[in-house]
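These notes are about the structure you will find just below.
The values are calculated or read from the model by the stated rules, or taken from the named source; none is laboratory data. Computed from a predicted model, the values in this text were never measured in an experiment. Don't worry about glycine lacking a Cβ; one is built from the backbone with ideal geometry, like all the others, and counts go over all protein chains shown. Heavy atoms of the whole protein, side chains included, go into the accessibility calculation; ligands, DNA and RNA do not. Shrake-Rupley method; radii C 1.70, N 1.55, O 1.52, S 1.80 Å.
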Amino acid sequence: NGFRARLGRIAVPETKLNLAVSRVLYNQGFVSSVTRGTHLGPDESYVPTTNLNVAERRLWLSLKYYQDSPVLRKMRCISKPSRKINCDANQFRTLAAGQAWSIVKGVNPGEIIIVSTTRGVMEIQDAVRHGIGGNLLARAN
């Protein structure tokens, strides 16, 4: 929604999962920066998250545009609380090669699949490189 409104920055709640997914989006070039802050804006200096301020902590993502169109055009969940989709390393390899597996379509050029593994949240190509399986979280293009 932030891209549709042509916003420069958006705020998401500061959770471990949101931070990990934001890190993957940053490493893949979909957002230009990720900073911590409050509901009012990014912090100028480091402020630790404590039990007293946890409700107002946010992650501020600086959105990236190329030739006046958003770099991150679409992002949607694959696994939901009602339908968790777990894969092993071979199934990740199949998806990363662009082939469909079960109800999940393969990765298209310019698209990433974000997965949660025992080594943390990462892009599917990294999970294939490490030879590990995990839970499919989302896809972005």
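Working carefully through the options Val121, Val71, Val128, Val24, find the one that is at pLDDT 95 or above and within 28 Å of Ala5 (Cα to Cα).
Val24
What pairs come out if I take residues in the stretch 51-65 that are within 9 Å of Gly37 (Cβ to Cβ) and pair them with residues that are assigned to a helix (DSSP H, G or I) whose C-beta lies under 8 Å away, six or more apart or interchain?
Between residues of the stretch 51-65 that are within 9 Å of Gly37 (Cβ to Cβ) and residues that are assigned to a helix (DSSP H, G or I), the close pairs are Leu59/Asn18; Leu59/Leu19; Leu59/Ser22.
Would a scan of the stretch 35-57 turn up a residue that is on the phi < 0 side of the Ramachandran plot and under 13 Å from the mean Cα position of the chain (by Cα)?
No, the stretch 35-57 has no match at all.
Out of the stretch 1-27, which residues are out of contact with any helix residue (DSSP H, G or I) (no Cβ under 8 Å at 6 or more places or on another chain) and β-branched (Val, Ile, Thr)?
Once the filter is applied, which keeps residues that are out of contact with any helix residue (DSSP H, G or I) (no Cβ under 8 Å at 6 or more places or on another chain) and β-branched (Val, Ile, Thr), the stretch 1-27 yields Ile10, Thr15, Val21, Val24.
Of all the strands (runs of 3 or more DSSP E) wholly in the stretch 12-110, which have at least 1 residues that are open to solvent by less than 50 Å² (accessible area, probe 1.4 Å) and more than 28 Å from Gly133 (Cβ to Cβ)?
Of the strands (runs of 3 or more DSSP E) lying wholly inside the stretch 12-110, those with at least 1 residues that are open to solvent by less than 50 Å² (accessible area, probe 1.4 Å) and more than 28 Å from Gly133 (Cβ to Cβ) span 31-38, 57-63.
When residues of the stretch 27-59 are filtered for being modelled with pLDDT under 90 and charged (D, E, K, R), how many remain?
0
In this structure, does Ile114 turn out to be assigned to a loop (DSSP other than H, G, I, E, B) and among the β-branched types (Val, Ile, Thr)?
For Ile114, the condition - assigned to a loop (DSSP other than H, G, I, E, B) and among the β-branched types (Val, Ile, Thr) - is not met.
Step by step: first the residues of the stretch 109-141, then only those that are hydroxyl-bearing (Ser, Thr, Tyr) and more than 13 Å from the chain's Cα centre (by Cα), then the one that is farthest from Ile85 (Cα to Cα). Which residue is that? Show your work before the answer.
Within the stretch 109-141, the subset hydroxyl-bearing (Ser, Thr, Tyr) is 116-118.
If we keep only those that are more than 13 Å from the chain's Cα centre (by Cα) too, we end up with 117-118.
Numbers: Thr117: 12, Thr118: 15 Å.
Here the residue is Thr118.
For the condition among the hydroxyl-bearing types (Ser, Thr, Tyr) and touching a strand residue (DSSP E or B) at 6+ places or on another chain (Cβ under 9 Å), what is the one hit in Ser45, Ser32, Ser82?
Checking each option against the conditions leaves just Ser32.
Does the stretch 33-43 contain any residue that is touching a residue at least 24 places away in the same chain (Cβ under 8 Å) and in contact with a His (Cβ under 6 Å, 6 or more places away or on another chain)? If you could, list the steps in order and put the result at the bottom.
Initial filter on the stretch 33-43 (touching a residue at least 24 places away in the same chain (Cβ under 8 Å)): 33-37, 39, 42.
Going one step further and asking which of them are in contact with a His (Cβ under 6 Å, 6 or more places away or on another chain), we end up with none.
Checked the stretch 33-43: no residue is touching a residue at least 24 places away in the same chain (Cβ under 8 Å) and in contact with a His (Cβ under 6 Å, 6 or more places away or on another chain).
If I filter the stretch 121-141 down to residues being open to solvent by 30 Å² or more (accessible area, probe 1.4 Å) and either among the aromatic types (Phe, Trp, Tyr) or in contact with a helix residue (DSSP H, G or I) (Cβ under 8 Å, 6 or more places away or on another chain) (or both), which single residue comes out as farthest from Arg73 (Cα to Cα)?
Gly131
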